[in-house]
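Below you will find the structure I want to go over with you.
None of the figures in this text is laboratory data; all of them are computed from the coordinates on show. For clarity, every value in this text was computed on a predicted model and none was experimentally measured. When we count neighbours, we look across all protein chains shown, and the Cβ atoms used for this are built from the backbone with ideal geometry, even at glycine.
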Amino acid sequence: MTRPPLVPGVLFLLGSLLLGACGADRSTAARPSRVAAADRSVSSAAPRSTAPLSAAPHSVTSAAAATPAGPPVTRTPASSGSRPARDGDVDGDGRADTLTILRAGTLRVRYSHGGEDDVRFETGNPAFVDVHVLGSADADRDGHAEVFVQTDQGASIGVATMFRYVGGHLRLATLGGKQAALAYGGSTGFLASWACRPAQVPAAALVTSTGPSSAPNIYTLDLRYYRFDQGRASLTELSHRTAGPAALDQLPTVRDAVSGAAGCGSARLTS
């Protein structure tokens with residue numbers, strides 16, 4: 001069965017780099033080099049489907065939310081500047097919360113002390129995409145764990161989005177007014193990765209790395225560092241730099257300064 005292309009939100013992050021990657025990897029039909037144009041086996045449905053996943057709801061101990069789904073609950077979250085939250089502690093009360101994908105496009109957080117929130121987000125076609133919670137960790141060290149969810153996938157590239165707890169609720173993170181799209185994975189023609197808490201730029205909550213190959217094992221990577229706007233779930237770019245062209249083992253890798261791996265804490269990346 002032919003799978004539709006990726007959702008439009010993904011194109012925002014990859015931008016012109018993906019266009020360059022397409023030509024470089026046209027010879028690797030079995031492993032597409034980019035998420036949008038090259039990977040024709042993946043969905044690109046327009047407005048997001050809210051059809052339920054075929055499997056039972058996926059739950060992990062963590063959190064989720066934007067629209068209160070129950071009666072108002074008085075919370076005592078940690079304030080900005082406090083020590084980082086433990087993985088899975090979305091509201092900052094010291095206990096892990098429970099995250100569930102109710103259906104493709106809806107994340108629910110059930111707080112450990114009571115109350116819950118639902119957050120809507122965009123996904124690829126749920127018939128082809130395994131929408132699930134990757135994990136939850138405090139990317140910006142504000143005392144609340146962010147939540148990371150896989151929203152789309154191709155033959156070699158996956159895409160995640162993230163959620164931030166602000167104003168007493170979990171909210172969808174945005175970049176440039178659109179749902180944040182974090183690509184990871186790659187092929188012989190294109191690579192992508194991301195991590196939180198980058199050691200190179202301590203003020204950043206997140207770093208992304210994307211870039212095409214111009215020759216066998218030669219890549220040029222674009223690294224961009226982001227922070228959250230204060231009191232909001234929107235990301236703002238702090239700085240960016242280019243590395244390469246060079247052999248892959250000579251290029252910088254993006255890693256969470258706490259876990260030492262790509263991704264963020266318990267949210268580990270597998271493509």
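Once you sort the root eigenvalues of the Cα gyration tensor of the range 153-271 as a ≥ b ≥ c, which label holds: rounded (a/c under 1.5), prolate (a/b larger than b/c) or oblate (the other case)?
Prolate.
Continuing with this model, one more query. Taking amide H positions as placed in the peptide plane 1.01 Å from N, state which residues far from Ala96 in sequence (5 or more) or on other chains have amide H under 5 Å from it.
The answer is none.
Pull up all non-local amide H partners of Ala267: gap of 5 or more, or a different chain, and H-to-H distance under 5 Å with H placed in the peptide plane.
Residues meeting the amide H criterion: Ser136.
Let me ask another. Rounded if a/c is under 1.5, else prolate if a/b is larger than b/c, else oblate: which is the range 108-151, with a ≥ b ≥ c the root eigenvalues of its Cα gyration tensor?
Judged from the Cα gyration tensor, the range 108-151 comes out oblate (a/c at least 1.5, b/c at or above a/b).
Long-range amide H contacts for Gly211: which residues qualify at under 5 Å (H placed 1.01 Å from N, peptide plane, sequence gap of 5 or more or a different chain)?
For Gly211, the qualifying residues are Leu191, Asp222.
Taking neighbour counts of Cβ atoms within 10 Å as a proxy for exposure, in what order, fewest first, do Leu235, Leu206 appear?
Listing Leu235, Leu206 from fewest to most nearby Cβ atoms yields Leu235, Leu206.
Which of Tyr225, Tyr165 has the fewest other C-beta atoms within 10 Å, and how do the rest follow up to the most?
So the residues, fewest neighbours to most, are Tyr225, Tyr165.
Ranking Glu146, Glu122 by Cβ neighbours within 10 Å, fewest first, what do you get?
Lowest to highest Cβ neighbour count: Glu122, Glu146.
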